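Here is the structure we will look at, set down as structure tokens.
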Amino acid sequence: MSSLKPLKLYHKGAVRPNPWKVVAILEELDLPYELVKVEDIKGKEYLAINPNGRVPALVDPNTSVTTWESGSKIDHFIETYDQDHKISFGTSPEKFLARNWAHFQMSGQGPYFGQKAWFSRYHPETVQSAIDRYGNEIERILGVIELHLATTGQQYLVGNRVSYADLMFVSWNDLLPLLKGADFDYKGKFPKTFEWNERLATRESVQKTRAGKSKAMAA
């Protein structure tokens, strides 16, 4: 896809997982992209791109499409740039099973992991009940994946091959040591989920994404 113009992905610092979730898909599809750091996500210029004032947002100059929810970006990539279904599915039921897991990531993993981060690190007062609740929700989310992988015997969430649905979980899973602490026995409590995440970590797209994040954090 060398003829494509770079897609512009707007982010605000390297810690937030959602931009890197999108980067992993861009890398997997070998799409050219440019990272644009936004200093003021509530400023008039950025709100013209994303009226919600959040990151990431993406402008695709090849299609004149602007997307400002992480899931809508991935939908755009799959429908526009994955016509040969490298990381998606063109047939039922796999097409819709992948959507199940993508929506589970966006409605379950992301929000609950994010709330655990907020109440553990940023909330001005210690609210132990909230910290405990979201810590438990993290383990529930991991348990849902564990049960699925153990029951189906698959190495990946859908069709026994890697898809965008798998890759969407990685950037948030990378925060588990921070969210659950160094003594969290991820491998012991959720062995199938741990092994699944380790398989994803060997992919070149994930390695490039992590390297990009490390570079951005050092800048």
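Name the trypsin sites (Lys or Arg not before Pro) in the range 10-83 that are in a loop by DSSP and that have at most 14 other C-beta atoms within 10 Å, would you?
Here the sparse-neighbourhood loop sites are Lys42.
Which shape class applies to the range 130-191: rounded if a/c is under 1.5, otherwise prolate when a/b exceeds b/c and oblate if not, where a ≥ b ≥ c are the square roots of the Cα gyration tensor eigenvalues?
Because a/c hits 1.5 or more and a/b exceeds b/c, the range 130-191 counts as prolate.
Taking 7 Å along the Cα-to-C-beta vector as the label spot, tell me the Arg199-Glu39 distance in nanometres, rounded to one decimal.
Those two pseudo-labels are separated by 4.5 nm.
Within the set Lys192/Lys213; Lys21/Lys73; Lys37/Lys73, which residue pairs have Cα atoms separated by over 19 Å?
Lys192/Lys213
Please list the radius of gyration and Dmax for the range 56-153, considering alpha-carbon atoms only, with Å as the unit.
In Å, with Rg to one decimal and Dmax whole: 17.3, 50.
Would you tally the net charge around Trp196, using a Cβ to Cβ cut-off of less than 15 Å, leaving Trp196 out, and scoring K and R as +1, D and E as -1?
Net local charge, Trp196 excluded: +1.
Sort largest first and round to whole Å: the equivalent ellipsoid semi-axes of the range 94-204, each the square root of five times a Cα gyration tensor eigenvalue.
That gives 26, 15, 12 Å for the three semi-axes.
Below 16 Å, Cα to Cα, which aspartates and glutamates can Lys5 reach? Residues fewer than 8 away in the same chain don't count.
Glu27, Asp30, Glu34, Asp60
Shape call for the range 1-118 from the C-alpha gyration tensor, a ≥ b ≥ c root eigenvalues: rounded (a/c under 1.5), prolate (a/b greater than b/c) or oblate?
oblate
Sorting Lys189, Lys213 on the 10 Å Cβ count, fewest up front, what's the list?
Lys189, Lys213
First select every other residue whose beta carbon is under 12 angstrom from the beta carbon of Lys8; then total the charges, Lys and Arg +1, Asp and Glu -1.
+1
Explain nothing, just the number: relative contact order of the range 41-81, from Cα pairs under 8 Å at least 6 residues apart, as a whole percent.
Dividing the mean separation by the residue count of the range 41-81 yields 27 percent.
Output needed for the range 101-148: three equivalent-ellipsoid semi-axes, defined as square roots of 5 times the C-alpha gyration tensor eigenvalues, in descending order, whole Å.
Calculated on Cα positions only, the semi-axes equal 22, 11, 6 Å.
Take Ser88, Ser129, Ser205 and order them by how many other Cβ atoms sit within 10 Å, fewest up front.
Ser129, Ser205, Ser88
What is the antiparallel percent of DSSP beta bridges lying wholly in the chain, to the nearest 5?
Antiparallel bridges: around 55 percent, rounded to the nearest 5.
Which of the three applies to the chain, rounded, prolate or oblate, going by the alpha-carbon gyration tensor with a ≥ b ≥ c and a/c under 1.5 meaning rounded?
Oblate.
Throughout, read-outs are computed from the coordinates displayed, never taken from laboratory work. Bear in mind the structure is a predicted one, so any value in this text is a computation, not a measurement. Because the Cβ atoms are built from the backbone with ideal geometry, glycine has one as well, and the counts that use them run over all protein chains shown.
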